[in-house]
Every structure is written in structure tokens, then in C-alpha cells.
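Asker: Handing you this structure, nothing more for now.
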Amino acid sequence: MTDSQIKPIHVIGGGLAGSEAAWQITRAGVPVVLHEMRPVRETDAHLTDGLAELVCSNSFRSDDAENNAVGLLHEEMRRLGSLIMAAGDATKLPAGGALAVDRVAFSDRVTAQLETEPLVTIARGEVEGLPPEDWDSVIVATGPLTSPSLAEAVGKLSGEDYLAFFDAIAPIVHKDSIDFSKAWFQSRYDKPGPGGGTADYINCPLDEEQYKAFITALIEGGKTDFKDWEKSTPYFEGCLPIEVMAERGPETLRFGPMKPVGLHDPHQDKRPYAVVQLRQDNALGTLYNIVGFQTKLKYGEQTRIFRMIPGLESAEFARLGGLHRNTFINSPQVLDGALRLKALPRLRFAGQITGVEGYVESAAIGLMAGRFAAAERLGQDFVPPPATTAHGALLAHITGGADASTFQPMNVNFGLFPPLTPPEGKRKVKKKERKPAMSARALTDLAAWLETPAEAAE
């Protein structure tokens, strides 16, 4: 059967998950129609009509494949031919031990790759309600900003109520407006990043008095008013607004995004009481985002309060923080092990809408959904990756491993992996050896899985 004789798979959503799913489908020689509603219908969070636009942060988080689960996921995706990781590696910025990317260059690269791929057709426009019946294989990768009509249709079909949470956007500062007589460059513990640098963050120090005044201002500052339907929507713990963290106690931020450990203020020759870090946001190094400072403060309040931070007294903001509502389905209840909707198996789901949290995790589920759909189209059996891998652990969690009654968005972490088998003659694996051992096992099992040939389905 030639490519032209194979019926296309439809992917709804041109974010990271949808882009990755489309790419994986084409790698199997199957045509795909990628539906992206922008610019025909805009969202509150996106600024462009580019594919795979990053809206919350430019960081893919840790790139340490030996000691960090998301770093392991990075490495697995690279070995699986991920478009998203290839684009991330090609547009990376200095960010300590993390993988951060130039937002614009990253989106441009993903967009160009898919626009020039002969097996991809990009259709601009909103898919309203359920996809047409003649679309017999569909991946819904609409992300947290799923159009209301589609969200409502799928919700009614599945019989499950949608869950929702708020996801806040951090502000971005022009580097040349930062006062370096108070701020300095340094990564925590001078840890080298992927680019080899040990000074990838701008640090702004606060003494005890400044810190307490800042906390008070955050708590008392004017906040964005919620619509009635938004008031009962919970936040995701991994992306809490800075002022919500401040309300949890005066020391919360000092043990969170403002922790001073591993840093030394060269201007005062001491460790600061608290610190605000900024991470490079574009390849030119002219823009820096304030790490961990997602916020729902009003714009005027943001400018006033964030200029209380030493070094940012004259800060000019390229973008202020914001807030948007995210939506996800109760995947353990409504999806099968191949990411198909139990109530309508021609629909698969991928990305944040499945209840994974994070850019990388979203793309990884898109990668799996694409491979599932392509194998199905070709009449092949597709065995999911082992649960000992990062992909397999994440997939198993959202399709049955999690408690459906308490299901909430989840980042990949080693707690999702099966326990290690202790070496012969030992009762358990030493704590410091656990993560490297899990990572080594994952990559070994992934290699074996990749060598398993696909079989024709009966």
C-alpha cells in the first residue's frame, strides 16, 4: 500500500503534543492532517499562530538523565526520534542544569519541519464539537485550552465531568533594565548546565527586612478577579502563583523559588537571606523570565511589587504575568491503555488534556499517541514501552495507575516507576544509587523494546 492509499490520521491541536504526534505518525509512513485553530480562533495565552508555542515557561526542566526523571524522559525521547527534543536541543539557552529554549526559534523550527513534511497537511481552523464520523482515527491534543464546544462534546460522551485548574504565567524582564551593582550571575552550587556554563541565572538578593516587606506586598496586592465559574477551580501544585505560596506562610518562598542555598552574593560577600532568580528567555540574552513567579496579581501591582526586589527597581517588563484556565480529563477512568476514549475508540487523547503536567510530558504522550495511531492504521500490534521506562511509567499512571477519584495533573517522577530489584545478597538498593539505577534500567529496557519488531494484528 502506497502512502497515497493510506487514509490520513487527524490530529487536533498544534501544540507540543499534537506536533510530536503528527511527526511520529509520518515517521511510520502514514499521512496526517494537523488541525490548528489559531489564527482563525485565538486563545488567551498564545501570542502567535506558530506550532508548539511555549506559553508558560521556556524551560524543559532538568536535563540530567541519570538523576532526574524528566531528564531521563528527555533522553528517551531523543532515542525515539522526537521532533520536540530535536528542536529543543537546536535552540537551547544557558540555564544551569536545565534545558531551556529560545521560545520563538523553537516554535519556528517545529513549524518549519511540519510545514515541509510531505505527509503532513496543516489545516487552520477550529474543530467544533465531535470530529466528523468519517475521521476514523483522531488524536485530540488540544491541550489545556481546548475549545469549549469540543470539551463539552467529549465530556458528554465520556460521562465524566471535566476537571480544571489554573496555570499562571511568569513575567519577563529586559536584561538591560536590571541593576548589576546588586544582581549577579551564578547557578546554584555553580552547577554546569548543558552548555557548560556555571553562571546561567541572574540573582537578586533580599535581606530579612526586604523579604518580609515583599511577602506582605504579595499578600496585600490587588489580584485578578475571577469569573463565577472559575472560583472553584483548583490550582496545580507544581505551578502555583507566587502570592498563593506567600499566603501559605512567611517562610514558604524561602524554601521554594526564593531559596538562597548554593548562592553567594559577591557584592556583600555572603549568602543572601532570600533570592529571586531570572533565567534567560531568548537566544539574544536580552530577555529574562523570573523563575517561579507565576502570578495572578493585577498588572499595575506586578510592576510596583516586583520593583521592590533589589536589582529590579527600574525593571522594564517585556511581558507581565497572567492566568489562564487549564482543562484535563479523568484519564484513568475514561481512557484505555492505548490512549483511546473508551466511549468512542476512534478518538485518542494526548498532551496536557490527559492529565500530565509539563511540556516534556505532554510531548511524550503525544509521541506515544502518534505511534499507537500509526500502528493501528497499518494493522500492526503496538506494545507500549515497559513500565520501567519514563514513557511507560507515565503512560501506565494516566491510563490506570492513578486513582481516578483523586486524579490530578502529574509530572514524571521516579515514584511512578516500579521498584528496583535489590542486587543478589542485598536487602535493598542504597538511596544514593536508586535514581541512577532506575535510569540505567529504563534505557536498557527501552533499547530492548525498540528492537522488538512490530507484528501484524490478527
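The values are calculated or read from the model by the stated rules, or taken from the named source; none is laboratory data. Quantities reported herein were computed from a predicted structural model and do not represent experimental measurements. Cβ: placed from backbone, ideal geometry, glycine included. Neighbour counts: every protein chain shown. Please note that ligands, DNA and RNA were not included when accessible areas were found on the heavy atoms of the full protein model with its side chains. Shrake-Rupley method; radii C 1.70, N 1.55, O 1.52, S 1.80 Å.
Asker: Along the range 176-188, what does the Karplus equation 6.51 cos²θ - 1.76 cosθ + 1.60 (θ = phi - 60°) give for ³J(HN,Hα), rounded to whole Hz, x for Gly and Pro?
Answerer: 6, 9, 8, 8, 7, 7, 10, 8, 7, 8, 5, 8, 4
Asker: Between the range 278-344 and the range 119-159, what is the separation of their alpha carbon centroids in Å?
Answerer: Each part reduced to its Cα centre gives a spacing of 25 Å.
Asker: Shape verdict for the chain, please, from the Cα gyration tensor: rounded (a/c under 1.5), prolate (a/b greater than b/c) or oblate.
Answerer: prolate
Asker: Among the listed pairs Lys212/Lys270; Lys92/Lys182; Lys270/Lys431, give every one whose C-alpha distance is greater than 23 Å.
Answerer: Violating the 23 Å Cα-Cα cut-off are Lys92/Lys182; Lys270/Lys431.
Asker: Helix-only mean residue ellipticity at 222 nm, the chain, DSSP H runs n ≥ 4 weighted -39,500 (n - 2.57), per residue, nearest 500. What is it?
Answerer: The per-residue figure over the chain is -8500 deg cm²/dmol.
Asker: Moving on. May I ask you to order 216-224, 400-408, 115-123 by the average number of other C-beta atoms within 10 Å around their residues, highest value first?
Answerer: Sorting 216-224, 400-408, 115-123 by mean packing, highest first, produces 216-224, 115-123, 400-408.
Asker: To the nearest 10 degrees, how steep is helix 148-158 against the longest Cα principal axis of the chain, on a 0 to 90 scale?
Answerer: 60 degrees
Asker: Please determine, in degrees from 0 to 90 and to the nearest 10, the orientation of helix 16-27 with respect to the longest principal axis defined by the Cα atoms of the chain, where the helix direction is its Cα long axis.
Answerer: Tilt of helix 16-27: around 40 degrees.
Asker: Along the charge dipole of the chain, which of Phe417, Leu218, Leu157 sits closest to the positive end, that is, farthest toward it, with unit charges on the beta carbon of Lys, Arg, Asp and Glu (+1, +1, -1, -1)?
Answerer: Working it through, the farthest residue towards the positive pole turns out to be Phe417.
Asker: Only bridges with both residues in the chain count here: give the DSSP antiparallel percent, nearest 5.
Answerer: Looking only at bridges with both residues in the chain, the antiparallel portion is about 65 percent.
Asker: With a probe of 1.4 Å, find how much accessible area the range 246-401 has per residue, and write the answer as a whole number in Å².
Answerer: 34 Å²
Asker: What does the charge dipole of the chain about its Cα centre add up to, to the nearest 20 debye, if the Cβ of each Lys and Arg holds +1 and the Cβ of each Asp and Glu holds -1?
Answerer: So the magnitude is around 1140 debye.
Asker: Helix 431-450: angle to the longest alpha-carbon principal axis of the chain, degrees 0 to 90, nearest 10?
Answerer: 30 degrees
Asker: What does the net charge come to around Lys92 if you take all other residues with beta carbon closer than 13 Å to its beta carbon, with K and R at +1 and D and E at -1?
Answerer: It works out to a net charge of 0.
Asker: Give me the lysines in straight-line cross-link reach of Lys342: C-alpha distance below 30 Å, same-chain residues under 8 apart excluded.
Answerer: Lys7, Lys156
Asker: Based on the mean of other Cβ atoms within 10 Å per residue, sort peptides 328-341, 58-71, 357-370, 309-322 so the most packed one is first.
Answerer: Ranked from most to least packed, the peptides come out as 357-370, 58-71, 328-341, 309-322.
Asker: Which percent of the accessible area of the chain is formed by carbon and sulfur heavy atoms (probe 1.4 angstrom)?
Answerer: Percent of accessible area from carbon and sulfur atoms in the chain: 51.
Asker: Calculate the FRET efficiency for Thr198 and Ala283 from the Cβ-Cβ distance with a Förster distance of 22 Å, rounded to the nearest 0.05.
Answerer: 0.65
Asker: Now for a separate question. Once you place label points 7 Å from the Cα toward the Cβ at Leu378 and Ala343, how far apart are they in nm?
Answerer: 3.3 nm
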